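The values are calculated or read from the model by the stated rules, or taken from the named source; none is laboratory data. Model, not experiment: these values are computed from the prediction. Glycine gets a Cβ as well: all are built from the backbone with ideal geometry, and neighbour counts include every protein chain shown. Heads up: the accessible areas ignore ligands, DNA and RNA and are worked out on the full protein's heavy atoms, side chains in. Shrake-Rupley method; radii C 1.70, N 1.55, O 1.52, S 1.80 Å.
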Amino acid sequence: MLIIRLLLPLLALLLLAAHFYRADWLSLAALSIALTPLLAVPRWWAARTLQVALVLGAFEWLRTLAVFAALRMAAGQPFLRLVAILGAVAAVTLLAAWTFRHRSLRARFRLD
């Protein structure tokens, strides 16, 4: 069951890496990939590092949402689907950070 709980943060980090790679921010893409092994490190600092990275990632998704929505609105193109998709991705990324508050992950990463 622990593996299943760690899949959401893993997915969120990989989506962030893909986003950064697409934006040609290779150092941030590499950092996102480099953070994934921390999911296997049962230490409090690993969990906190991942949480901070995921919260910052959620803010990046919201920033991207604002930029792309503004561009689409200025061009007179539809934007609601974009807002829904990027808003959902930001919410999932925040949820991935929040999963570290679950009892089993708190025990694994010694957060008590």
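Only helices at least 20 Å long along their axis, Cα-based, and averaging -1.0 or more on Kyte-Doolittle count here, so list those DSSP H runs from the chain.
Taking the DSSP H segments of the chain (at least 20 Å long, mean hydropathy at least -1.0), we get 2-22, 44-74, 80-98.
Please give me the summed charge of the neighbours of Leu35: other residues whose Cβ is under 15 Å from its Cβ, Lys and Arg +1, Asp and Glu -1.
The answer is +1.
Rounded, prolate or oblate: which fits region 29-91 when a ≥ b ≥ c are the square roots of the eigenvalues of the alpha-carbon gyration tensor, with rounded for a/c under 1.5 and prolate only if a/b beats b/c?
Prolate shape, in that a/c is at least 1.5 and a/b is the bigger ratio.
Given only helices, namely DSSP H runs of n ≥ 4 each adding -39500 (n - 2.57), what is the per-residue ellipticity at 222 nm of the chain, to the nearest 500 deg cm²/dmol?
Helix-only estimate at 222 nm: -26000 deg cm²/dmol.
Mind checking the per residue accessible area of the chain for me, 1.4 Å probe, whole number of Å²?
In whole numbers, the chain has 62 Å² accessible per residue.
Would any residue of region 1-32 have its amide N under 18 Å from a label point 7 Å out along Cα→Cβ of Ala91? List them or say none.
Hits in region 1-32 for Ala91 at 18 Å: 8-9, 12.
Could the peptides 73-84, 40-51, 91-102 be put in order, highest first, of the mean number of other beta-carbon atoms found within 10 Å of their residues?
91-102, 40-51, 73-84
Just one of (1) 37, 15, 8; (2) 18, 18, 13; (3) 30, 15, 10 is semi-axes √(5λ) of the Cα gyration tensor in Å calculated from these coordinates, so which is it?
So the calculated entry is the one marked (3).
With all protein chains present, how much of the accessible area of region 19-63 (probe radius 1.4 Å) comes from carbon and sulfur, to the nearest whole percent?
The computed percentage sits at 72.
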